[in-house]
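The values are calculated or read from the model by the stated rules, or taken from the named source; none is laboratory data. As the structure is a computational prediction, the values presented were derived from the model and not from experiment. Because the Cβ atoms are built from the backbone with ideal geometry, glycine has one as well, and the counts that use them run over all protein chains shown.
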């Protein structure tokens, strides 16, 4: 059954929160690092890319 919803993950959500001003650049970076630190599996290249994305001002 399809509800017409797009599926996105946790990293996308954190990046969107930062882009929309819900959280700061620093908060986004810390949350991404926390996810990784507490067992969220992510390849190092993807982790670096996510951390770079939250640095960018929109």
Six or more apart or on different chains, Cβ under 8 Å: which pairs go from a residue in the stretch 28-55 that's closer than 17 Å to residue 17 by Cα to one that's part of a loop (DSSP other than H, G, I, E, B)? Could you list them?
-> 31/23; 35/42; 50/42
In this structure, does residue 15 turn out to be more than 8 Å from the chain's Cα centre (by Cα) and surrounded by 13 or more Cβ atoms within 10 Å (Cβ to Cβ)?
-> no
Is there a residue being at pLDDT below 90, in a loop (DSSP other than H, G, I, E, B) and at positive phi anywhere in the stretch 3-23?
-> yes
Breaking point among (1) surrounded by 12 or more Cβ atoms within 10 Å (Cβ to Cβ); (2) free of Cβ contacts under 8 Å to residues at least 24 places away in the same chain; (3) within 11 Å of the chain's Cα centre (by Cα), for residue 24 = (3)
Enumeration of residues in the stretch 37-51 that are under 20 Å from residue 24 (Cβ atoms) and loosely packed, with under 10 Cβ neighbours inside 10 Å | 37
